[in-house]
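Note sheet for the following structure.
Just so it is clear, none of the values below were taken in a lab; they were calculated from the coordinates. None of the values given here were measured: they were computed from a predicted structure. Cβ: placed from backbone, ideal geometry, glycine included. Neighbour counts: every protein chain shown.
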Amino acid sequence: MLDQAEGFVTADGRKIGGVVMEMKNITLRFGGVVAIKDISFDIREGEIRAIIGPNGAGKSSMLNVISGFYTPSEGEVWFRGKKRPPMRPYEVARQGIARTFQNIALFDGMSVLDNVMTGRLTQMKAGLFSQALWKGRAEKEEIANREMVERVIDFLEIQHIRKTPVSRLPYGLKKRVELARALAAQPKLLLLDEPMAGMNVEEKEDMCRFILDVNDEFGTTIALIEHDMGVVMDLSDRVVVMDYGKKIGDGPPDEVRSNPDVIDAYLGVAHD
Ligand SMILES: Nc1ncnc2c1ncn2[C@@H]1O[C@H](COP(=O)(O)OP(=O)(O)O)[C@@H](O)[C@H]1O
Ligand SMILES: [Mg+2]
């Protein structure tokens with residue numbers, strides 16, 4: 001059984017910790033459209049949590065609630081044991097939550113290195129004023145930023161394109177640079193909105209490996225949206241299934257895959 005504080009061990013021997021994020025009875029409306037209807041689920045320390053469901057199910061909206069981009073119409077967001085007041089996305093980022101977008105959101109004209117560097121912005125402590133007053137601290141911070149950025153660049157194997165403007169990169173590499181930028185913030189919780197959408201088989205395999213490696217090496221908790229059931233089965237510890245804004249399944253991949261409601265919602269539905 002799941003224990004709220006202690007966590008559990010998965011069928012393949014992965015240790016999952018206590019609850020870090022809890023969504024309680026979340027509803028999100030856009031005018032007359034109800035994008036999310038009274039959904040509750042949690043995310044546990046160290047796990048890879050997938051959110052799946054047909055197009056328009058409300059998956060991106062849910063990720064946007066977690067990242068502070070949308071404020072839920074009803075319900076509560078709990079993070080690390082505390083109820084979170086309505087927050088701006090930058091405040092959420094400062095709490096250690098980073099994300100990538102369904103449609104790549106990089107600075108096209110800037111180099112890979114500079115794009116990844118922008119991921120450090122939420123982490124910078126020294127403001128302009130203290131930079132002027134206290135040069136030492138700002139310098140130390142700059143060195144720490146560089147080191148983290150270089151580590152991420154090495155880790156995601158993008159050294160060879162570090163000086164290349166993002167606009168010149170193929171799609172799969174752009175997605176990897178976006179992951180690098182998110183990782184540079186050293187998030188506790190990483191949110192990935194369809195990290196493999198539009199990729200060819202080889203790019204997908206690479207991205208899968210990097211996601212698993214990030215989780216393993218940095219201990220990062222990951223919540224990801226993905227359409228490809230095979231990928232979800234390979235990657236995730238637990239899966240939330242959404243359909244028309246409702247939660248229709250929640251559990252380990254094998255269990256979810258054999259849930260009749262999930263099969264109904266999923267089979268025969270065309271995905272892009
Ligand atoms: N900013 C918005 N304004 C109005 N409707 C929106 C907005 N964002 C999402 N929606 C609607 O909410 C529903 C869920 O969308 P979304 O969360 O993008 O689904 P998914 O990511 O599962 O494909 C859809 O009906 C969509 O049209
Ligand atoms: Mg979406």
*Counting each DSSP H run of 4 or more residues in the chain as -39500 (n - 2.57), what helix-only mean residue ellipticity at 222 nm follows after dividing by all residues, to the nearest 500 deg cm²/dmol?*
-10500 deg cm²/dmol
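Taking only C-alpha pairs under 8 Å that are 6+ residues apart, what is the relative contact order of region 19-174 in percent?
Values: 173 pairs, mean separation 30.6, N = 156.
Computed over region 19-174, the figure is 20 percent.
Which whole-number percent of Cα pairs in the chain have a distance greater than 32 Å?
Everything past 32 Å amounts to 24 percent.
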*Name the lysines eligible as straight-distance cross-link partners of Lys246: C-alpha to C-alpha under 18 Å, and not fewer than 8 places from it in the same chain.*
Lys24, Lys37, Lys59
*Based on the Kirkwood radius over alpha-carbon pairs, what value in µm²/s does the Stokes-Einstein equation return for the translational diffusion coefficient of region 131-219 at 37 °C and 0.692 mPa s?*
228 µm²/s
*Take each uninterrupted DSSP H stretch in the chain, measure its Cα extent along the helix axis, and return the ones at 24 Å or beyond whose mean Kyte-Doolittle hydropathy is at least 1.6.*
none
*Could you work out the longest stretch of the chain that avoids the trypsin sites (Lys or Arg not before Pro) located in DSSP loops with at most 11 other Cβ atoms within 10 Å?*
1-124
*asked:* If exposed means no more than 13 neighbouring beta carbons inside 10 Å and the site is in a DSSP loop, what's the longest run of the chain without any exposed chymotrypsin sites (Phe, Trp or Tyr not before Pro)?
replied: 135-272
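Report the calculated FRET efficiency for Asp12 and Ser258 (r = Cβ-Cβ distance, R0 = 30 Å), to the nearest 0.05. Could the numbers behind the result be given before it?
Details: r = 18 Å, r/R0 = 0.59.
After rounding, the FRET efficiency stands at 0.95.
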*Give the long-range amide H neighbours of Phe101: residues separated by 5 or more places, or on another chain, with amide H under 5 Å away, using H modelled in the peptide plane at 1.01 Å from N.*
Asp193
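Percentage of Cα-Cα pair distances in region 209-270 greater than 16 Å, rounded to whole percent?
Numbers: 894 of 1891 pairs.
For region 209-270, the share of Cα pairs beyond 16 Å comes to 47 percent.
Label region 1-95 by shape, choosing from rounded, prolate and oblate, from the square roots a ≥ b ≥ c of the eigenvalues of the Cα gyration tensor; if a/c is under 1.5 it is rounded, and otherwise prolate applies when a/b is larger than b/c, oblate when it is not.
Details: a/c = 2.12, a/b = 1.51, b/c = 1.41.
Since a/c reaches 1.5 and a/b is larger than b/c, the shape of region 1-95 is classed as prolate.
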*asked:* Please give me, ordered by residue number, the GluC sites (Glu not before Pro) of region 146-195 that lie in loop per DSSP and have at most 16 other Cβ atoms within 10 Å.
replied: Glu157
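Where both partners of a DSSP beta bridge lie in the chain, what percent of those bridges are antiparallel, to the nearest 5?
Values: 23 of 40 bridges.
The antiparallel proportion sits near 60 percent.
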